[in-house]
1. Among the residues of region 321-330, are any under 22 Å from residue 20 (Cα atoms) and either modelled with pLDDT of 95 or more or out of contact with any Pro (no Cβ under 8 Å at 6 or more places or on another chain) (or both)?
2. If we scan region 251-270, do we find a residue that is open to solvent by 20 Å² or more (accessible area, probe 1.4 Å), without any contact (Cβ under 8 Å) to a residue 40 or more places away in the chain and of a type outside the set (A, V, I, L, M, F, W, C)?
3. Quick one: in region 255-279, which of the residues that are under 25 Å from residue 11 (Cβ atoms) and among the hydroxyl-bearing types (Ser, Thr, Tyr) is nearest to the chain's Cα centre (by Cα)?
4. Considering 60, 34, which residue is surrounded by fewer than 19 Cβ atoms within 10 Å (Cβ to Cβ), of a type in the set (A, V, I, L, M, F, W, C), at pLDDT 95 or above and closer than 26 Å to residue 7 by Cα?
5. Is region 218-230 home to any residue that is among the acidic types (Asp, Glu) and farther than 20 Å from residue 126 by Cα?
6. All but one of (1) at pLDDT below 95; (2) out of contact with any Leu (no Cβ under 9 Å at 6 or more places or on another chain) hold for residue 221, so report the exception by its number.
7. Restricting to region 287-321, count the residues that are outside any loop (DSSP other than H, G, I, E, B) and within 20 Å of residue 95 (Cβ to Cβ).
Amino acid sequence: MDGKKVVFAGAALIRMGTPWGTLALVAQRALEPLGYEVRIETLSWGGNNPRYVTDGRADLGATQYRSIEEAYLGTEGREPIAPNLRLIATINQPAWIAVAVRAASGITDLGEIAGKQIPVGLKLGGEGAIRSILEYYGLSREKMLSWGGHVVGGAEGGFEAPTNPDEEPARWYGDLNAIAPWIREGTFDLIVDPIYAAYTPEHRHWWDASILHDLRFLPLPPDLIKLIMDRGQAEAPGFIPHRLMRGVDEDIPTVQRFPQAYYTRDDVPDTFVYEVAKALDNGRNLFRQTHMPYSYDPATVARPRKVPLHPGAERYYREVGYLAKAAPANLAV
């Protein structure tokens, strides 16, 4: 760190409304009254986020907890392994893994796709829980492509990460108000992806698709939910709440995604991290002034996880009594 100048690993330009960029903005607003000058790094998208924090290009960052844990443990092919990462605060975000088919496809169960080798237009996320869902039904991206399926969702009005990690993020979003051709023209049949209540560049396709088409949201069976939890691929069993968007007419059993988190390195000064933890707590109202349904909860902000708390954050939470409230999260590998 350079005095009170702080580099924050976010994601893309703030006006684009990405989840991590939004958390970066909250941190900036919380720290500036304390005299800190926070510069939000826009190239720390995707897997770059923990890399920027790990190697010192950023002093702290925000991303989904899953990404921090994978970097810390070196799982899911994360490189380099980052045992120097430490948590500052866990922030709640109601988000789930959703499975939906276009009603016009006639599909009522994912097992039908494998059983009949139906060619489908695919929009698939990359999380481990999604791979487990496909595996459960005898599916994979490769199998579905071999049956004549095709992948949708890319640079044409949708989210697509650049192959060059130093590419200017503004180039990969296109027009944020344009409806992607694959949605407008209905060339998709299946979406398996995270879902939540915000029109972000990464997941706005849910809103557009659910308005322009009739979607059939499919529940995950109990044994599949248990499998995902046993593999440590989700925060908890849950359900997509009815009326989250058009087509969700009842609660849909599924799994809840991991929360978002602020984090840093073990060599960042305790006094600074203490101030960050305190500023986020005192500025918890700032989370309600965003388009994302974030919330700061004293009962979960310091919950023990595989990635340890930074000593500065731990000291603050111990002083205010939050550690005593924090029940351990699911620690299954």
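The values are calculated or read from the model by the stated rules, or taken from the named source; none is laboratory data. What you see is a predicted model, and the numbers here were worked out from it, not measured in a lab. Because the Cβ atoms are built from the backbone with ideal geometry, glycine has one as well, and the counts that use them run over all protein chains shown. All accessible areas refer to the heavy atoms of the entire protein, side chains included, with ligands and DNA or RNA removed. Shrake-Rupley method; radii C 1.70, N 1.55, O 1.52, S 1.80 Å.
1. no
2. Checking region 251-270: at least one residue is open to solvent by 20 Å² or more (accessible area, probe 1.4 Å), without any contact (Cβ under 8 Å) to a residue 40 or more places away in the chain and of a type outside the set (A, V, I, L, M, F, W, C).
3. Once the filter is applied, the top-ranked residue is 262.
4. Result: 34 is the single residue among 60, 34 that is surrounded by fewer than 19 Cβ atoms within 10 Å (Cβ to Cβ), of a type in the set (A, V, I, L, M, F, W, C), at pLDDT 95 or above and closer than 26 Å to residue 7 by Cα.
5. Yes: one or more hits.
6. Answer for residue 221: the failing condition is (1).
7. So the count comes out to 4.
Okay, residues lined up against (1) under 30 Å from residue 177 (Cα atoms); (2) without any contact (Cβ under 8 Å) to a residue 40 or more places away in the chain:
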{"position": "18", "(1), (2)": "yes, no"}
{"position": "22", "(1), (2)": "yes, no"}
{"position": "56", "(1), (2)": "no, no"}
{"position": "62", "(1), (2)": "yes, no"}
{"position": "67", "(1), (2)": "yes, yes"}
